[in-house]
């Protein structure tokens with residue numbers, strides 16, 4: 001047998017470093033094992049909470065949309081009611097004016113070209129562009145209103 005050699009200082013140092021590294025690895029593994037295992041980001045409670053929130057959002061979406069649309073419709077109806085009230089007030093004013101005989105006479109003179117006995121009535125036409133198409137017989141616009149009314153009644157009476 002060959003005589004045993006004593007380990008060199010380098011070998012002893014390498015062996016000591018290896019043992020130290022092994023000890024560090026062992027300590028790190030034991031620390032990892034002692035810690036609670038790392039869970040994913042989404043736990044069961046968080047998933048349930050998310051599910052409940054989504055359910056609430058879905059359940060409330062339609063009623064909230066209905067509420068908003070009904071509020072808009074109510075606002076529109078209120079505006080229409082205000083316009084109608086203003087129109088009713090205008091019509092009441094007109095009704096009160098139409099009870100006055102002087103106002104009715106003024107309207108008759110203005111729109112129907114009525115004149116009092118002894119007065120002379122004139123109709124002044126504004127000069128405007130001449131019409132290119134002019135019917136040969138006198139048109140309804142050239143005749144008095146009562147003639148148009150009577151002609152319409154006569155036409156409706158014919159078979």
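At-a-glance table
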{"read-out": "Most mobile of 149, 42, 17 in a GNM of the chain (Cα contacts under 10 Å)", "value": "17"}
{"read-out": "Helix 145-157 vs. the chain, principal-axis angle (Cα, 0 to 90°, nearest 10)", "value": "80"}
{"read-out": "Helix-only [θ]222 nm of the chain, DSSP H runs n ≥ 4, -39500 (n - 2.57) each, per residue, nearest 500", "value": "-24000 deg cm²/dmol"}
{"read-out": "Modelled label reach - residue 67, point 7 Å along Cα→Cβ, the range 44-61 residues with backbone N closer than 12 Å", "value": "60-61"}
{"read-out": "Folded to 0 to 90 degrees: helix 9-34 orientation relative to the chain principal axis, Cα", "value": "40"}
{"read-out": "Length released on extending from residue 99 to residue 85, taking residue separation times 0.36 nm less the Cα-Cα span", "value": "2.9 nm"}
{"read-out": "Contour minus Cα-Cα distance for residue 46 and residue 77 (0.36 nm per residue)", "value": "6.6 nm"}
{"read-out": "Angstrom value of the Kirkwood radius, inverse mean 1/r, which spans all Cα pairs in the chain", "value": "29.6"}
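Where a number appears in this text, it was derived from the coordinates with a stated rule and is not lab data. The structure presented is a predicted model; accordingly, all values stated were derived computationally and were not measured. Positions of Cβ are backbone-derived with ideal geometry, glycine not excepted, and every protein chain shown enters the neighbour counts.
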